[in-house]
Amino acid sequence: MNIQRVGYGHPDAMRLIDEVQAEYVVRYGGPDETPLDPLMFEPPAGNFFVGYAEGEPVATGAWRRTDVAAFGTTATVEIKRMYVAPRARGRGLARLMLAQLESDAGGHGAEAVVLETGLRQPEAMSLYESSGYGPVAPFGYYKDAPLSRCYAKLLPAKP
């Protein structure tokens, strides 16, 4: 997969965001209503990426700065819009995108990563847990939602 940094409003990003929102409707009965400003994903506040396989956009991932503390640090970022299109699943692309996000966020000074997912996304929970993320106290827009699950991971220290 070729991962490229794009703006939040890039046509390929918007296409995949529409796809993931449709998937949330199926899994949860409605789209993700977390308030997002596209500027949250512009450096140095964040970054947005699209992954391409065989020239087609098949994955997204983004990070944005957050005030959620984890592991004793407030140098944290939140991962948003992790998604792999059904046509490209089962090939390890989500793990590649997650590694890109962690590396890029770390390169921008992040010491820890937080994220929120849900019980109706067991494959996402499995990915995060197998990638070293552990459960943390609920935060964010869905902190009181019974299906929400929050995770965090300490990034490797930079030399």
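The values are calculated or read from the model by the stated rules, or taken from the named source; none is laboratory data. Note that the structure is predicted; figures quoted are calculated from it, not measured. Heads up, the Cβs are rebuilt from the backbone with ideal geometry, glycines too, and the neighbour counts pull from every protein chain shown. Heavy atoms of the whole protein, side chains included, go into the accessibility calculation; ligands, DNA and RNA do not. Shrake-Rupley method; radii C 1.70, N 1.55, O 1.52, S 1.80 Å.
Going through (1) 50; (2) 42; (3) 58, the figure that equals percent of Cα pairs over 21 Å apart as computed for the structure here is (2).
Exposure check, 1.4 Å probe, all protein chains in place: ASP18 carries approximately 100 Å² of accessible surface. In the elastic network of the chain, a GNM with C-alpha springs shorter than 10 Å, the most mobile of LEU101, LEU36, LEU16 is LEU36.
In the chain, the DSSP-assigned H stretches of four residues or longer account for a calculated mean residue ellipticity at 222 nm of -8500 deg cm²/dmol, using -39500 (n - 2.57) per stretch and the full residue count as denominator. Ordering GLU78, GLU56 by accessible surface, largest first, gives GLU56, GLU78; the 1.4 Å probe counts only protein heavy atoms, with every chain in place. Give the percent of DSSP beta bridges with both residues in the chain that are antiparallel, rounded to the nearest 5. That works out to approximately 90 percent antiparallel. The GNM of the chain, with springs linking C-alpha atoms under 10 angstrom apart, assigns the highest mean-square fluctuation among GLY92, GLY29, GLY109 to GLY29. Partner lysines whose Cα lies under 21 Å from the Cα of LYS143, excluding those fewer than 8 positions away in the same chain, are identified as LYS80, LYS153. Toward the positive end of the charge dipole of the range 29-137, with +1 on the Cβ of Lys and Arg and -1 on the Cβ of Asp and Glu, the farthest Cα among VAL77, GLY61, SER130 is that of SER130.
These residues, ASP37, ASP12, go from largest to smallest accessible area, 1.4 Å probe, as ASP37, ASP12. Rounded to the nearest 10 square angstrom, VAL26 shows an accessible area of 130 square angstrom against a 1.4 Å probe.
Keeping every protein chain present and rolling a 1.4 Å probe, give me the accessible area per residue for the chain in Å².
Numbers: 7800 Å² over 159 residues.
It amounts to 49 Å² per residue over the chain.
Quantify, in whole percent, the carbon and sulfur part of the accessible surface of the chain (1.4 Å probe; protein heavy atoms only).
Working: 4400 of 7800 Å².
The value for the chain is 56 percent carbon and sulfur by accessible area.
Restricting the calculation to Cα atoms, the range 93-159 yields a radius of gyration followed by a Dmax of 12.4, 40 Å. Note on the chain: with charges restricted to the Cβ of Lys and Arg (+1) and Asp and Glu (-1), its dipole about the Cα centre is near 320 debye.
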